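Visitor: Below is the structure I would like to discuss, written out as structure tokens.
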Amino acid sequence: ETVASPSICIATMALVNVVNMVVLDNPTNFRNPFQFEITFECLQELEDDLEWKVVYVGSAEDMTRDQVLDEILVGPVPVGVNKFVLQADAPDPASIPNGDILGVTVVLVTC
């Protein structure tokens, strides 16, 4: 008789949770910088600073058109709720294909 052993499942929990993100100065001119008010919660002490990145997706069909608008390090980060404003330069319109300049796009803010 074969006895199946139960699977061991280890769940990991995020140490940082984004609680809220507000786009400031919205609506605005295309050439104005992006501004995000970011509220996040840090659940335990972190050894390293947090790296935040803002990426403008210039074309859904061509990843080489993505533009990294800003990369910053935030830290040291205390345990608890934290808030800061992240400002990033506007994208370069010359790097966006003509067919995508007026279309729908994505701005990614990652941590």
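The values are calculated or read from the model by the stated rules, or taken from the named source; none is laboratory data. Bear in mind the structure is a predicted one, so any value in this text is a computation, not a measurement. With ideal geometry, Cβ positions are generated from the backbone for all residues, glycine too; neighbour counts draw on all protein chains shown. Side chains are part of the model used for accessible areas, which takes the heavy atoms of the whole protein and leaves out ligands, DNA and RNA. Shrake-Rupley method; radii C 1.70, N 1.55, O 1.52, S 1.80 Å.
Visitor: Scanning the stretch 86-100 for residues that are surrounded by fewer than 14 Cβ atoms within 10 Å (Cβ to Cβ) and either touching a strand residue (DSSP E or B) at 6+ places or on another chain (Cβ under 7 Å) or of a type in the set (A, V, I, L, M, F, W, C) (or both), which turns out farthest from Val16 (Cα to Cα)? It would help to see each step written out before you state the result.
Guide: Filtering the stretch 86-100 down to residues surrounded by fewer than 14 Cβ atoms within 10 Å (Cβ to Cβ) leaves 92-95, 97-99.
Filter once more, so that each one left must be either touching a strand residue (DSSP E or B) at 6+ places or on another chain (Cβ under 7 Å) or of a type in the set (A, V, I, L, M, F, W, C) (or both): 92, 94-95.
Numbers: Asp92: 31, Ala94: 36, Ser95: 33 Å.
Across the stretch 86-100, the extreme among qualifying residues is Ala94.
Visitor: Among (1) outside any loop (DSSP other than H, G, I, E, B); (2) in contact with a strand residue (DSSP E or B) (Cβ under 6 Å, 6 or more places away or on another chain); (3) open to solvent by 50 Å² or more (accessible area, probe 1.4 Å); (4) not small (Gly, Ala, Ser), which single condition is Asp70 missing?
Guide: Condition (3) is where Asp70 drops out.
Visitor: With the structure loaded, tell me whether Val77 is in contact with a Cys (Cβ under 8 Å, 6 or more places away or on another chain) and modelled with pLDDT under 95 or whether it fails that test.
Guide: Numbers: in contact with a Cys (Cβ under 8 Å, 6 or more places away or on another chain): yes; modelled with pLDDT under 95: yes.
Yes.
Visitor: On to the next question. When only residues in the stretch 54-67 that are open to solvent by less than 80 Å² (accessible area, probe 1.4 Å) and in a loop (DSSP other than H, G, I, E, B) count, which is farthest from Thr39 (Cα to Cα)?
Guide: So the residue we want is Asp62.
Visitor: Return yes or no: is Lys83 of a type in the set (D, E, K, R), assigned to a strand (DSSP E or B) and open to solvent by 70 Å² or more (accessible area, probe 1.4 Å)?
Guide: Taking the combined requirement at face value, the residue satisfies it.
Visitor: Another question, then. Every residue in the stretch 22-51 that is open to solvent by less than 60 Å² (accessible area, probe 1.4 Å) and either outside any loop (DSSP other than H, G, I, E, B) or in contact with a helix residue (DSSP H, G or I) (Cβ under 9 Å, 6 or more places away or on another chain) (or both), please.
Guide: Listed by number, the residues that qualify are Val22, Phe34, Gln35, Phe36, Glu37, Ile38, Thr39, Phe40, Cys42, Leu50.
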